[in-house]
1. Rounded, prolate or oblate: which one fits the stretch 38-143, using the alpha carbon gyration tensor with axes a ≥ b ≥ c (rounded when a/c is under 1.5, else prolate when a/b beats b/c, else oblate)?
2. Taking Cα pairs under 8 Å and at least six residues apart, what relative contact order does the stretch 398-447 come out at, in percent?
3. Loop only per DSSP, at most 11 neighbouring Cβ atoms within 10 Å: give me the chymotrypsin sites (Phe, Trp or Tyr not before Pro) in the stretch 15-98, ordered by residue number.
4. Could the peptides 445-458, 569-582, 141-154 be put in order, highest first, of the mean number of other beta-carbon atoms found within 10 Å of their residues?
5. Roughly speaking, what is the stretch gain from residue 319 to residue 605, that is 0.36 nm per residue apart minus the C-alpha to C-alpha distance, in nm to one decimal?
6. Tell me, how many Å apart are the Cα centres for the stretch 362-390 and for the stretch 179-248?
7. Taking the Cα centre of the stretch 29-128 as the origin and placing charges on Cβ (Lys, Arg +1; Asp, Glu -1), which of 78, 42, 116 is farthest toward the positive end of the dipole?
8. Of 138, 564, which has the most accessible area with a 1.4 Å probe, and how do the rest follow in descending order?
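The values are calculated or read from the model by the stated rules, or taken from the named source; none is laboratory data. Since the model is a prediction, treat every value here as computed from it, not as a measurement. When we count neighbours, we look across all protein chains shown, and the Cβ atoms used for this are built from the backbone with ideal geometry, even at glycine. For accessibility, only protein heavy atoms count, side chains too; no ligands or nucleic acids. Shrake-Rupley method; radii C 1.70, N 1.55, O 1.52, S 1.80 Å.
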Amino acid sequence: MLKKLARLFLLHEPEAPELGEPVWRQSALRIILISGISLEFLVAAHSSWQAIGLGLFHIPVIVTGFYLLLAAAIYAALRNVRLGAGFLLFTIYAASLHILFFVDVFEIAKLGIIFAYSAPLVARLFFGTRSAVLMMLLNTLLFAVLLRNQPLLNPLGPQYSITLPESHAYIQTLVFLFFNLCVPLAVFRALQALEFRGVQLAVNNQRLSRSNSVFRDMFDHSGMALLICGRGGHIIKANTQAAQLLGVASEQLEEGQNMQRYLGIWGRKPEELGGERQVRRPDGQLRWVTVQPRRLEHDGNFLVILRDDTPLREAKLALARSAANASYLELHDTLTGLPNRQYLRQRFEELGPAVEERPWALLNLRLTNLRAVNDRLGPAIGDALLRAYGQALAEHLPADAFLARTAGVTFALLLPLEPGEAPEARAQLLLQQLPRELALPDSGLAVPVPVAVGVTAARLDEGADEALQRVQTALELARNLPEGSVAVLDQEMEQRHHRLLDLELALRELDDSGLELVYQPKCLADGKVLGFEALLRWQHPRLGAVSPAEFIPLAERTGLMHRLTDFVLEQVCRQLQRWQGEGCRLLPVAINLSALDIVRPDIVHRLGETLARHHIPPALVEIEITETGLIRDERLAAENAQALRERGFALLIDDFG
């Protein structure tokens, strides 16, 4: 019920702004009309009943007429507020004049004028101030009647009097209901709307304040130079970036100065200032600035974006100046100024017939301590070391040699040889001539320059890429040589290197099908067999039988040794289990653990778990630790060895500890 009444009287304010007639006006008008017609029903009914009893039939007709007017006002109010309010004003004045003219008792008749006094308030609520003032002026005429203090003549004659025995009570009740209930409720509704709008306004002001703060932050920290200008070009607001670009203080820009003063152009509208132009700052500096004006729709002002194109122009100018040096940049290293790998390839291809007439050597030199220099002294010192070493190399080369920087720490040389001179001898001579340390300019530091050197002879039957790959292989071989040594890639070394590469690839792709164990008896001088030693063999379908001397060191170097050890251990336990199942007398089998295996954190658990899974006692597996001089963590190796002894394994350790 209450919800229906609230909807009828429009008591809830809309959250969104209203485009048409305010809801509170519609609500206030409905309150006056509906409460009036409802509350005054008893007065109208009782007065009509009394009038009929006295034979005054014109009074019910008048009452009915007023009810019809109020009903028409309600009907009109549901469709048009102003039309409904017009009906209400007409009804107020009609009631006031009827009481004033048709009630014979003047003291009672004067109460009718009080109804007219509500007209200015009603007019102000629903029509505006002008209508209210007009009603106030009109009411002065009625006020003059009161001042005259004389009864008015009934224009229709005494027979049409509406005076009843209870007229005083009826009119007082109507005045009470209208001024104490109907009008106050309507005013309360208007005040409620005003309070609601006040709260909304406060909330909106807070939101607007936050939005302004966000806008100011975005405006000041947008990363772009921004101005807000009026239609005439005067500056309203400027951010710090704009002030820095134009070379003035932000406060000076916001003093109403015209932005055309700073852009050096007058007589144009803001929207006509778009494009790139040269701006002279107060300090005399010239800047190239692109101006982009954007009209703001809500107030007609302009947002002007200023972009500093000076660095871009300078870069374009520098690029234009370097266009002639494009081929130089393409073929040279930017750090050292030396030829790069591409230039070296071209130079090698150009040798052609010269290789047939005169032998040439191709060298690679790698600075082996550059990473340590970068980590300790910084990349700037590392770059200085590269430049200094490249200069030192160039100073010790013959005129017809060719020096290039082909990688981060690698220099390459094409060196002519004397007839019968070996490439490694020429490389060794050059290495002796080069300084062992370099004093870096501007830093006062003397930095050692150890190098690894790989060398090979240039051949007629190869291209540049093949030659560079061969000398790179030689440089890789130099990793395993002492400092100051030269790695030479001759045909035998090249074949061996290729075989190592093939073996490493095959080892990484290896499955267990290519591996097998052979068991070599361990005998006394009289021929008595004391046990066996498990030896691993590898039969590759393409490489054939691969010696353990080849693949064991390779497995250790590539981190694949653990896999081979696990295979050997698994196969030995299976073989012992088979011999046990066949009823053979079991003898100990020795397996080899490398220096890498003995420092495995899981080696003790791995051995124990494998033997337990196959039900083999530790006494049947002897462990021989080889190459103990290569053990990197002697403490862990000793702990693992002790743990294996405690579990019952027999350990054979040569030169341990």
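1. Details: a/c = 2.99, a/b = 1.38, b/c = 2.16.
Verdict is oblate for the stretch 38-143.
2. Values: 30 pairs, mean separation 9.6, N = 50.
It comes to 19 percent, rounded to a whole number.
3. On the way: sites: 24, 41, 49, 57, 66, 67, 75, 87, 90, 93; in loops: 57.
The qualifying sites are 57.
4. Put in order of decreasing packing, that is 445-458, 569-582, 141-154.
5. On the way: separation 286, 0.36 × 286 = 102.96 nm, distance 6.65 nm.
Here the segment from residue 319 to residue 605 would lengthen by 96.3 nm.
6. Measuring centre to centre over Cα atoms gives 62 Å.
7. Farthest towards the positive pole: 78.
8. On the way: 138 75, 564 5 Å².
From most accessible down to least: 138, 564.
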